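The values are calculated or read from the model by the stated rules, or taken from the named source; none is laboratory data. For clarity, every value in this text was computed on a predicted model and none was experimentally measured. Every residue, glycine as well, gets a Cβ built from its backbone with ideal geometry; the counts of neighbours run over all protein chains shown.
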Amino acid sequence: MLNDFIPVVNRLRVEDHPEKQLTIIPLADAHYGSKEFNEVRWTNTLKRIQDDPHCFCVLVGDLIDNGLKNSLTNVYDATASPLEQKEWLRNELKPLAPKILAAVGGNHERRTAREVDQDPLYDVMLHLGIEDKYRPNICFMQVRLVYDTSKERNKQRCEWSFAITHGNGGGQYIGSSANRVQTFGMAIEGIDCLITGHTHKPLTFPAAKLVFEHGAVLRKQFVVAVASSFLDYGGYPVQKLMTPTAQTTTEITMTYYTDGVKKIKVTQD
């Protein structure tokens, strides 16, 4: 398993897209094995990724519920055992393997890692032959768009930098989640987008900070994208008097314009 601070670099071709555009969909908090897992929404999202040659995904943790006997999760309510959950995830992601750009673990996968030093999401990535794209806690990822001008070699067009981590905490309200991810994003210089999950509250907003370099003060912006879960309302949230959360599909679109301008846009529908 590679160190968190070894970046993942993806070089993707864009010359056959009419708008020189690529899309990334974060897959987070599926919690397969939970009775509240929304299989229809999961299947439709995977189909969206598969059907579009310019659409890719990143895995943001908690893709299986992975309830253990000492977990808050009631293991007797699970629809599949942890082993069956891992096998299911492996089969679900197999057709998407070439489109998975990066992956990080979540707190539900870490249950097994903490107990017996086994990481089910890493095992899935290993089986798919893309374990080099997995990081246990945080992944720093570059997406480099390339094009072919001479028909003999690829040339770099432009690049975007991402930080991807499952997340932690969050509280009852969206504001507390926004404060946490914005504060963390401010600690990382040079990213275009911070992707997280965990809170089950879809959220996106731009953020900016001042950077003093080379004798000039610059304003540098990045965008925060907190992905939705694939869970319907019920079970644990009802027990704890938590309110329902929205379900959306987060799409991060990167566009390179012929005048040299690059843009990144996050939509949640």
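Data for the structure
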item: Filtered residue count, region 34-58, keeping only those that are touching a His at 6+ places or on another chain (Cβ under 9 Å) and surrounded by 13 or more Cβ atoms within 10 Å (Cβ to Cβ); result: 2
item: Subset of region 15-31 that is in a loop (DSSP other than H, G, I, E, B) and buried (at least 19 other Cβ atoms within 10 Å of the Cβ) - its residue that is modelled with the lowest pLDDT; result: LYS20
item: Test: residue in region 201-209 that is touching a Ser or Thr at 6+ places or on another chain (Cβ under 9 Å), within 21 Å of ILE138 (Cα to Cα) and small (Gly, Ala, Ser); result: no
item: Pair list, Cβ < 7 Å and 6+ apart or interchain, from region 136-155 residues that are at pLDDT 70 or above to residues that are acidic (Asp, Glu) and assigned to a loop (DSSP other than H, G, I, E, B); result: PRO136/ASP4; PRO136/ASP119; ASN137/ASP4; ILE138/ASP4
item: Scan of region 214-237 for residues that are surrounded by 12 or more Cβ atoms within 10 Å (Cβ to Cβ) and without any contact (Cβ under 8 Å) to a residue 60 or more places away in the chain, ordered by number; result: LYS220, PHE222, VAL223, VAL224, VAL226, PRO237
